[in-house]
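Q: Encoded as structure tokens, here's the structure I'll be asking about.
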Amino acid sequence: MIVDLVFQLLQMTLVIAVAPLLTGVVRATKARLTRRRGPPLVQPYRDLVRLARKEAIVADSASWLFRFVPYLVFAATWVAAALVPTFATGLLFSWSADLIVIIALLGAARFFLALAGLDVGTSFGGLGSSREALFGALAEPAMIVIVFSLALIAGSTQLSTVAAYMASGVAGLRVTLGMALVALIIVALAENGRIPVDNPATHLELTMVHEAMILEYSGRHLAVIELAAMLKLALYISLIICVFVPWGLAIADASVADRIFGAIAYVVKLLAAGVALGVFETSIAKMRVFRVPDFVGAALMLGFLGALLLFVSRTLK
Amino acid sequence: MSAEALCLAGDAALLSLAVAGALLSRRPFAGTLVYGGSLVVSALLLVVAIDALLFGARGEPLVLPLGLPWIGAHFRTDAMSAFFLVVVNLGATAASLYGLGYGRAEHDPERVLPFFPAFLAGMNLVLVADDAYAFLLSWEFMSLASWALVMAHHREGQNTRAGYVYLLMASFGTLALLLAFALLARPAGSYAFDAMRAAGPPPGVAGLAFLLALIGAGSKAGIVPLHVWLPLAHPAAPSHVSALMSGVMTKVAVYGFVRIVFDLAGPASWWWSVPVLTVGAGSALLGVIYALMQHDLKRLLAYHTVENIGIIYIGLGLALGFKVFGMPAAASLALTAGLLHVFNHSLFKSLLFFGAGAVLSATGERDMERLGGLIHTMPGTAFFFLVGCVAISALPPFNGFVSEWLTFQAILLSPAFPSWVLKILAPAVGAMLALSAALAAACFCKAFGITFLGRPRTEAVSRAREADRLALAAMAILATLCLLVGVLPGLAIDALTQAAQIAVGAHMPTQSSIAWLSIAPVAESRSSYNGLLVFLFIALSASLAASFIHRFASAALRRAPAWDCGFPDPSPATQYSAVSFAQPIRRVFGSVAFVVEERIDMPRPGEMRPAHLDLKLSDRIWNVFYMPLILIVERAAVQFNRLQFLSIRQYLSVVFGALVILLVVLASWP
């Protein structure tokens, strides 16, 4: 029990510790590919510390909700990240919520962040919230239908069980899994505001979504929101890793050595995914806002087709 | 005394309150008397209902010498009706409490006070009725009482039209139910439910009765395409009555459907679940798209009821399918999901209507485009409304999430259906449910964000006063229940076992015995959820993060004007409005439900006239189903109008002809 608790806490610390590094890796990759030297890998940590030490400036028209939301968004994202098996399955709290809950927790974070965008009463905040609401309304159902596929293949919606099943290699190659992977990547790009859906580096008003929503934030509030955003990126990549690339994942009751090996393998895979994301973002252009529904809608349809295939193929066996 | 007798005594007390309300409505104490009396009676009935639900109440039917001669009226409560009695009386208690304060501002008390307790009595009577006659009589009584409440402010805006459409749709629904009961009563030879249950009609008749029940109860519940009256009528009534109509009366309609289809109509056929699932998914998706396009706060809430009814029907449809194909465990899961959503929706929809009512009485506005910033002036209302919004958007750890989660779990069991139609329909329904849940979050982000956040858009709104204490207390009770059911879902599920047993002959495994108060609908390895732990985790990590940063980094705070990219505009009109918030979603999904006509008039550079955006939305279903019907009725009316101008000779010959035809029909009747 104590050991389990220690590993659960280790997992929560690990995701929060590597999340800024992941963002640093993505930025460094993009800088190198565009022939810039770019900031050092630890720059995101420095940014967070710098922001957290500054005084927070809050708009006159902001309500209590504005100051409350950053912590809530962070907490919801962190709890969701704690439920994803990063280096070991069957962690202490993994049974307290399944994959649908993880999606709903991220939905709750988005809901409150969108409210914070509306709170000050500026046009940019509303713009960001409104677009985020649209993207979320498409990405969330896409995610749910992907969960349908995974749950039907693994016979469970518990992410820990799904990951253990995938790691055991019984699933093999399936068309549905391929569709689910593509859909999941599209959803992950949209949910994290990456190119081609949103540009995390921009401050041009017409192109930004996430940045517009959090425009009024500063100081420690902004630091917490930035950390939550980094955590969310790490979460989605961890999710893809644990389902589709579960090699090295320590299955429940594994030895301590296995778990340490699992942690190392996880960090390596995560950073490799960060490099891949950097390459992908450099090689593609940002879409117009109203092309995004088609893009994310494609994920919804792919996920749905994959699920339908499974529903129907159950009788053919 | 038995539960039935207690319920009837309560209904009698409510009816006498209605009479007292009619006689004394002009007196200053009348409001306190009627709402206070309703509060006491509803609270007592709630206790009786909870007792009947938890400890079983399958008493002997109570026959009263009312109604048809020598037949009498039968009354009985079983666990199913006890569950719905809990829903009705919990809503009624909260609405009465709210009405104690809110009703004081009523300018026409004589148009509300007599009908409020009568409406409560009508809903209670429907639930305890045990024969078709008593059921239909109470049903119609409930409809008429609520119609009177819809017409309470008949001079305002479109309320007369709302009342007219409501009356037509209610009569149509009752007609369909009447025919359904007639079909069921014929093989039974009696109107009593016991006889119908025992007789078990032949499959064809049962199927027809099922369709009629779907239409009849569905028109009251507001399923698409029979929803057209609902967004007109529910907002027209005073807000505590809107809460009852949207949160509670639609559930009485669901009860009618469950009672007929799961209990009285005998063994179901597999195809029954196809129309139920289709209208359920359609209502869920179209309901939320309709709601998203509204900027009248109460109408938005009313439209959103259509979505929730859809979710309930999805649960019921799956339960029907599982029951037919002999999967009792899955059937009980789907039914429990539906019933739990019935309860949850009654909680948060009443809460939201109370909040909208508080806003309406504080500002005189229902139009969100003229509200804003109310979180500063009405902090209590804003907080409880936010709780309602989070709960209805199905976000953890509140109650709405639990019932949708259970519905998803039921959908995940549907590959086991042997029928191809259902096998393909189920994942489609699941995807539509997921889409509507995500759109619901967008919808309530807009509802709360535009109404309560930002800056006040009019002068009157900036001077709004907080709601009175009783109204806040009513909202606080419902908000607390939303959280409690969300964090302790196992207890709520266990309370539904008896009701599920009646409808599908099985119930979910006992949840409260699972460690840590988790819920696991099928098996723990398959899926489990622990609302309490999730809630505690979020609370703990949020406070941990906050205290860590305040302790080790900075706690300094400065208030300053908004930044807004360097160009802040002091005019509140520059904020995002409800229409502009929904614009991207309208562009993507709007044309599914609406014919959208958008006209932009943009002056050329240099011209000084203002730009204009004209937006016209018209409901496709109204255009496709109802407009032709209205045209046909009008044409027919013009034709029949000639009959008004006949001579006396012609009238006599018409009477003679009718008599001959009737005699011929009678003579040739087998």
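Q: Can you tell me which residue in segment B:399-412 is nearest to B:LEU533 (Cα to Cα), limited to those that are within 9 Å of chain A (Cβ to nearest Cβ) and under 18 Å from the mean Cα position of the chain (by Cα)?
A: Result: B:PHE401.
Q: Take the conditions within 7 Å of chain B (Cβ to nearest Cβ) and assigned to a loop (DSSP other than H, G, I, E, B) and apply them to A:GLY121. Does it pass?
A: The answer is yes for A:GLY121.
Q: Name every residue in segment A:87-130 that is farther than 18 Å from B:ALA447 by Cβ, in contact (Cβ under 8 Å) with a residue 24 or more places away in the chain and under 18 Å from the mean Cα position of the chain (by Cα), in order of residue number.
A: Within segment A:87-130, A:PHE87, A:SER94, A:ASP98, A:LEU99, A:ILE100, A:ILE102, A:ILE103, A:LEU105, A:LEU106, A:ALA109 meet the criteria.
Q: Among B:GLY372, B:GLY321, B:GLY326, B:GLY317, which is over 17 Å from the mean Cα position of the chain (by Cα) and free of Cβ contacts under 8 Å to residues at least 24 places away in the same chain?
A: B:GLY326
Q: So which residues in segment B:189-214 are out of contact with any strand residue (DSSP E or B) (no Cβ under 9 Å at 6 or more places or on another chain), free of Cβ contacts under 8 Å to residues at least 12 places away in the same chain and in a helix (DSSP H, G or I)?
A: Answer for segment B:189-214, where residues must be out of contact with any strand residue (DSSP E or B) (no Cβ under 9 Å at 6 or more places or on another chain), free of Cβ contacts under 8 Å to residues at least 12 places away in the same chain and in a helix (DSSP H, G or I): B:ALA198, B:GLY204.
Q: Which residue, of B:MET249, B:MET245, is farther than 28 Å from B:ILE71 by Cβ and either part of a helix (DSSP H, G or I) or modelled with pLDDT of 90 or more (or both)? Let's see the steps before the verdict.
A: Values: B:MET249 fails: farther than 28 Å from B:ILE71 by Cβ.
B:MET245 is the lone residue from the list that is farther than 28 Å from B:ILE71 by Cβ and either part of a helix (DSSP H, G or I) or modelled with pLDDT of 90 or more (or both).
Q: What's the total number of residues in segment A:68-89 that are more than 8 Å from chain B (Cβ to nearest Cβ) and touching a helix residue (DSSP H, G or I) at 6+ places or on another chain (Cβ under 7 Å)?
A: Total satisfying the criteria: 13.
Q: Mind checking which residues of segment A:95-115 are hydrophobic (A, V, I, L, M, F, W, C), within 14 Å of A:ALA82 (Cβ to Cβ), in contact with a helix residue (DSSP H, G or I) (Cβ under 7 Å, 6 or more places away or on another chain) and facing another protein chain (nearest Cβ under 7 Å)?
A: A:ALA97, A:VAL101, A:LEU105
Q: Hey, any hits in segment B:391-398 for a residue that's facing chain A (nearest Cβ under 8 Å), surrounded by 24 or more Cβ atoms within 10 Å (Cβ to Cβ) and in a helix (DSSP H, G or I)?
A: From segment B:391-398, those facing chain A (nearest Cβ under 8 Å) are B:393-396; that's our starting set.
From what's left, surrounded by 24 or more Cβ atoms within 10 Å (Cβ to Cβ): B:393-396.
When the remaining residues are screened for being in a helix (DSSP H, G or I), the result is none.
No, segment B:391-398 has no match at all.
Q: In this structure, does B:TYR576 turn out to be of a type outside the set (S, T, N, Q), facing another protein chain (nearest Cβ under 8 Å), over 28 Å from A:GLY128 (Cα atoms) and surrounded by 12 or more Cβ atoms within 10 Å (Cβ to Cβ)? Spell out the reasoning first.
A: Values: of a type outside the set (S, T, N, Q): yes; facing another protein chain (nearest Cβ under 8 Å): yes; over 28 Å from A:GLY128 (Cα atoms): no; surrounded by 12 or more Cβ atoms within 10 Å (Cβ to Cβ): yes.
Criteria not met by B:TYR576.
Q: Ok, one more. Out of the residues in segment B:551-568 that are assigned to a helix (DSSP H, G or I) and surrounded by fewer than 12 Cβ atoms within 10 Å (Cβ to Cβ), which is nearest to the other protein chains (Cβ to nearest Cβ)?
A: Ranking the candidates gives B:PHE552 first.
To keep it simple, each residue is scored yes or no on (1) closer than 30 Å to A:VAL279 by Cβ; (2) within 13 Å of chain B (Cβ to nearest Cβ); (3) surrounded by fewer than 16 Cβ atoms within 10 Å (Cβ to Cβ).
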| position | (1), (2), (3) |
| --- | --- |
| A:ILE16 | yes, yes, no |
| A:ALA19 | yes, no, no |
| A:ARG37 | yes, no, yes |
| A:PRO40 | yes, no, yes |
| A:LEU48 | yes, yes, no |
| A:VAL58 | no, yes, no |
| A:ALA62 | no, yes, no |
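Q: Another question, if that's okay. Residues A:LEU249, A:LEU309, A:LEU270: which one is within 14 Å of chain B (Cβ to nearest Cβ) and more than 30 Å from B:PRO584 (Cβ to Cβ)?
A: Only one candidate passes the filter, namely A:LEU309.
Residues are listed down the side, and each one gets a yes or a no for (1) assigned to a helix (DSSP H, G or I); (2) hydroxyl-bearing (Ser, Thr, Tyr); (3) in contact (Cβ under 8 Å) with a residue 40 or more places away in the chain; (4) in contact with a His (Cβ under 9 Å, 6 or more places away or on another chain):
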| position | (1), (2), (3), (4) |
| --- | --- |
| B:ARG299 | yes, no, yes, yes |
| B:TYR303 | yes, yes, yes, yes |
| B:VAL306 | yes, no, yes, yes |
| B:ILE312 | yes, no, yes, yes |
| B:ALA330 | yes, no, yes, no |
| B:ALA334 | yes, no, yes, no |
| B:LEU340 | yes, no, yes, no |
| B:PHE353 | yes, no, yes, yes |
| B:SER361 | yes, yes, yes, no |
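Q: Moving to a separate point now. If you scan segment B:415-436, which residues turn out to be within 7 Å of chain A (Cβ to nearest Cβ) and under 24 Å from B:ALA492 (Cα atoms)?
A: Listed by number, the residues that qualify are B:GLY430, B:ALA434.
Q: Can you pull out every residue in segment B:527-558 that is in contact (Cβ under 8 Å) with a residue 60 or more places away in the chain and either closer than 13 Å to A:VAL79 by Cβ or of a type outside the set (S, T, N, Q) (or both)?
A: If the condition is that a residue be in contact (Cβ under 8 Å) with a residue 60 or more places away in the chain and either closer than 13 Å to A:VAL79 by Cβ or of a type outside the set (S, T, N, Q) (or both), then B:TYR529, B:GLY531, B:LEU532, B:VAL534, B:PHE535, B:ILE538 are the ones that fit.
One line per residue, one yes/no per condition, for (1) assigned to a loop (DSSP other than H, G, I, E, B); (2) among the hydroxyl-bearing types (Ser, Thr, Tyr); (3) within 22 Å of the chain's Cα centre (by Cα); (4) within 19 Å of B:VAL252 (Cβ to Cβ):
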| site | (1), (2), (3), (4) |
| --- | --- |
| B:VAL41 | no, no, no, yes |
| B:LEU45 | no, no, yes, yes |
| B:THR77 | yes, yes, no, yes |
| B:LEU85 | no, no, yes, yes |
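Q: Another one. Are there any pairs, at least 6 apart or on different chains, whose C-beta atoms fall under 9 Å, with the first in segment A:171-195 and under 19 Å from A:LEU308 (Cβ atoms) and the second among the charged types (D, E, K, R) and part of a helix (DSSP H, G or I), and if so, which?
A: As it stands, the answer is A:VAL187/A:GLU140, since those pairs meet every condition given.
Q: Here is a list: A:LEU249, A:LEU300. Which entry is in contact with a Pro (Cβ under 9 Å, 6 or more places away or on another chain), over 30 Å from B:TYR576 (Cβ atoms) and not charged (D, E, K, R)?
A: Step by step, each of A:LEU249, A:LEU300 is checked, and only A:LEU249 is in contact with a Pro (Cβ under 9 Å, 6 or more places away or on another chain), over 30 Å from B:TYR576 (Cβ atoms) and not charged (D, E, K, R).
Q: Let me ask something additional. Test B:GLY280 against the criterion of being surrounded by 24 or more Cβ atoms within 10 Å (Cβ to Cβ), in contact with a helix residue (DSSP H, G or I) (Cβ under 7 Å, 6 or more places away or on another chain) and either of a type in the set (Phe, Trp, Tyr) or within 30 Å of B:SER591 (Cβ to Cβ) (or both), and give yes or no.
A: Yes: the conditions hold for B:GLY280.
Q: To continue, here is another question. Could you count how many residues in segment B:363-380 are within 14 Å of chain A (Cβ to nearest Cβ), within 12 Å of B:ILE450 (Cβ to Cβ) and not in a helix (DSSP H, G or I)?
A: Here the count works out to 3.
Q: Of these, B:ARG469, B:ARG463, which one is more than 30 Å from B:HIS341 (Cβ to Cβ), surrounded by fewer than 23 Cβ atoms within 10 Å (Cβ to Cβ), more than 10 Å from every other protein chain (Cβ to nearest Cβ) and within 27 Å of the chain's Cα centre (by Cα)?
A: B:ARG469 is the lone residue from the list that is more than 30 Å from B:HIS341 (Cβ to Cβ), surrounded by fewer than 23 Cβ atoms within 10 Å (Cβ to Cβ), more than 10 Å from every other protein chain (Cβ to nearest Cβ) and within 27 Å of the chain's Cα centre (by Cα).
Q: Shifting gears a bit: Considering every residue within segment B:267-277, establish whether at least one is within 17 Å of B:VAL342 (Cα to Cα) and at pLDDT 95 or above.
A: Within segment B:267-277 (the criterion being within 17 Å of B:VAL342 (Cα to Cα) and at pLDDT 95 or above), the answer is yes, since at least one residue qualifies.
The values are calculated or read from the model by the stated rules, or taken from the named source; none is laboratory data. Everything numeric in this text was worked out from a predicted model, so none of it was measured. All Cβ positions, even for glycine, are placed from backbone atoms using ideal geometry, and neighbour counts span all protein chains on display.
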